[in-house]
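Asker: Take a look at this one; I'll ask things after.
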Amino acid sequence: MKEAKIMNPRAFARKKIDIVIGTRPEAIKMAPLIIELRRRENFSVRVISTGQHTDMLKQALDFFKLKPDADLAIMKKNQTLDYITSSALLGVGETLDSDRPDAVLVHGDTTTAMASSLAAFHRRIPVGHVEAGLRSFDMQIPFPEEMNRVLIDRLAKWLFAPTELASANLRRENAVSGGYLYVTGNTVIDALFIALKLHKEPCSPVLSPLAGEAPFILMTAHRRESWGKPMERICSALLEVLRRHGEFRALVPMHKNPAVRDSMKDILGENERIILCDPLDYPDFVWSLGRCKIILSDSGGVQEEASALGKPVVVLRGVTERPEAVEHGTAILAGTEYDRIVTVADGLLSDEKKYREIEMRKSGNPFGDGRASERIADIMAETLR
Ligand code: UD1
Ligand code: UDP
């Protein structure tokens with residue numbers, strides 16, 4: 001048998017990419033990209049977890065059948081931003097020293113993403129930022145994520161903006177110095193489409209009271225700036241909305257953070273129309289997004305997913321870095337004041353015509369077409385040399 005002659009062996013060397021994740025949304029939004037990059041021959045991909053989250057991260061990765069190649073396991077109860085930053089910076093730095101990747105990819109705005117970008121920068125390893133350019137233009141909301149985004153965008157060589165608006169933010173800041181800026185769509189839509197395709201029925205027994213047509217409101221809340229009083233107002237507002245709409249139940253999958261769970265259990269725990277549960281597996285959560293009547297949430301990813309499903313979200317924040325969802329009509333900013341939350345949610349549940357109009361929006365969602373990972377992988381193949 002004749003052996004194929006490799007003229008230039010270097011041309012065939014796979015490029016090494018380390019993808020660093022730490023929290024649930026990073027796992028969900030990077031999973032489609034990890035899968036796509038691994039499908040291609042040009043890359044050798046390692047997944048590094050800082051372990052900023054534990055069970056919530058694993059739960060998200062399990063659905064995509066992914067496991068971290070390295071886990072720094074940094075999470076502890078009541079972890080401070082300084083602790084996450086310093087332990088991720090040191091841990092990721094050491095991992096990069098032994099891996100020596102050609103590039104590092106991070107996602108979004110978490111402290112894991114910010115510290116990992118910095119660790120790569122310190123080693124002159126180029127960084128790609130997936131979901132670049134989101135801005136609320138308020139450094140306190142979301143905190144500390146708005147600052148994290150700005151820092152990561154300054155540190156990155158590849159800026160993968162999900163939308164034209166995010167790309168315009170980056171151009172306005174002159175963030176693209178000697179690097180690349182592309183509009184790719186958001187990988188969350190890739191993840192959502194995977195879940196919609198694979199799972200039609202819910203698996204968790206906690207969802208069984210919602211089988212059939214039982215109408216319900218879905219609520220999630222976890223942001224740092226909402227801990228304490230704002231969280232209490234959010235929960236009380238949900239009780240009032242339920243009081244006004246006796247046919248509805250509420251499904252509240254609680255974040256694992258005790259600061260969030262304690263308030264939720266105190267205020268919502270005794271109400272038999274409320275299902276207070278642990279975080280749901282991604283496909284079960286996607287099922288809930290599709291089946292609920294309205295969503296109350298301060299989550300970033302949920303605003304994007306709801307937009308693709310044509311589902312109204314009462315956004316439990318004063319500002320959003322996803323104004324596309326507001327313009328699209330699926331997201332309505334309510335903040336964390338009791339009266340405003342009740343008014344907005346009550347309005348959506350009472351005005352069927354307005355509700356139907358929002359539902360119609362699902363076809364033109366501004367966040368992507370499910371092919372963002374493919375585009376990012378193409379760009380990396382073209383530009384990582
Ligand atoms: C983090 C991110 C936030 C992101 C969110 C997604 C930062 C500063 N914050 O916030 O941007 O929106 O994740 O959910 O990066 N815990 C567990 N098990 C888990 C996960 C968390 O017990 O699997 C508990 C721990 O007690 C931990 C606490 O939750 O100390 C807070 O976790 P942390 O990552 O600091 O903050 P999040 O609010 O989750
Ligand atoms: N999510 C999930 N199970 C849940 C709640 C949320 O899988 O019980 C998913 C949700 O679909 C979205 C992501 O988690 O993709 C959002 O994560 P989170 O709200 O924690 O973070 P954020 O998007 O606000 O950064």
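Asker: Scan segment 144-181 for residues that are of a type in the set (A, V, I, L, M, F, W, C), at pLDDT 95 or above and not in a helix (DSSP H, G or I) and jot them down.
Answerer: Of everything in segment 144-181, those that are of a type in the set (A, V, I, L, M, F, W, C), at pLDDT 95 or above and not in a helix (DSSP H, G or I) turn out to be ALA156, TRP158, LEU159, PHE160, ALA161, LEU181.
Condition check ((1) buried (at least 21 other Cβ atoms within 10 Å of the Cβ); (2) out of contact with any helix residue (DSSP H, G or I) (no Cβ under 7 Å at 6 or more places or on another chain); (3) more than 26 Å from TRP227 (Cβ to Cβ)) across all residues:
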site: ALA306; (1), (2), (3): yes, no, no
site: LEU316; (1), (2), (3): yes, no, no
site: THR330; (1), (2), (3): yes, no, yes
site: ALA334; (1), (2), (3): yes, no, no
site: ARG340; (1), (2), (3): no, yes, no
site: ASP346; (1), (2), (3): no, no, no
site: SER350; (1), (2), (3): no, yes, yes
site: TYR355; (1), (2), (3): no, no, yes
site: GLU359; (1), (2), (3): no, yes, yes
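Asker: Scan segment 152-167 for residues that are charged (D, E, K, R) and buried (at least 22 other Cβ atoms within 10 Å of the Cβ) and jot them down.
Answerer: ASP153
Asker: Continuing with the same structure: Say we look at segment 164-222 and pick out the residues that are within 16 Å of the chain's Cα centre (by Cα) and among the small types (Gly, Ala, Ser); which of these is nearest to ARG244 (Cα to Cα)?
Answerer: My answer is ALA221.
Asker: Ok, one more. Taking ILE234 and the conditions (1) within 30 Å of LYS76 (Cα to Cα); (2) more than 16 Å from ligand 1 (Cβ to nearest atom), which numbered condition does it fall short on, given that it satisfies the others?
Answerer: The single condition ILE234 does not satisfy is (2).
Asker: Among the residues of segment 182-199, count how many are away from ligand 1 (no atom under 16 Å from the Cβ), in contact (Cβ under 8 Å) with a residue 40 or more places away in the chain and either more than 19 Å from PRO283 (Cα to Cα) or not in a helix (DSSP H, G or I) (or both).
Answerer: So in segment 182-199, the residues away from ligand 1 (no atom under 16 Å from the Cβ) come out as 182-185, 189-190, 192-199.
From the residues that got through so far, the ones that are in contact (Cβ under 8 Å) with a residue 40 or more places away in the chain too are 182, 184-185, 189-190, 192-196, 198-199.
With the extra rule that they be either more than 19 Å from PRO283 (Cα to Cα) or not in a helix (DSSP H, G or I) (or both), the set shrinks to 182, 184-185, 199.
Adding up the residues that qualify gives 4.
Asker: Just to verify a result, which residue in segment 274-291, among those that are in contact with a helix residue (DSSP H, G or I) (Cβ under 6 Å, 6 or more places away or on another chain) and closer than 21 Å to ALA331 by Cβ, is nearest to ligand 1 (Cβ to nearest atom)?
Answerer: By that ranking, first place goes to TYR282.
Asker: Quick one: which of LEU89, LEU151 is under 19 Å from the mean Cα position of the chain (by Cα) and not small (Gly, Ala, Ser)?
Answerer: LEU151
Asker: Cβ-Cβ distance below 6 Å, separation of 6 or more or different chains: which pairs start in segment 36-59 with a residue that is of a type in the set (Ser, Thr, Tyr) and end on one that is buried (at least 19 other Cβ atoms within 10 Å of the Cβ)?
Answerer: Note: pairs meeting the criteria are SER49/ILE21; SER49/PRO68; THR50/GLY22; THR50/LEU72; THR50/ILE74; THR50/ALA88; THR50/THR112; THR54/MET75.
Asker: Check THR95 against each of (1) without any contact (Cβ under 8 Å) to a residue 12 or more places away in the chain; (2) in a helix (DSSP H, G or I); (3) more than 20 Å from the chain's Cα centre (by Cα) and name the one condition it does not meet.
Answerer: The one condition THR95 does not meet is (1).
The values are calculated or read from the model by the stated rules, or taken from the named source; none is laboratory data. All figures in this text were calculated on a predicted structure; none of them were measured in a lab. With ideal geometry, Cβ positions are generated from the backbone for all residues, glycine too; neighbour counts draw on all protein chains shown.
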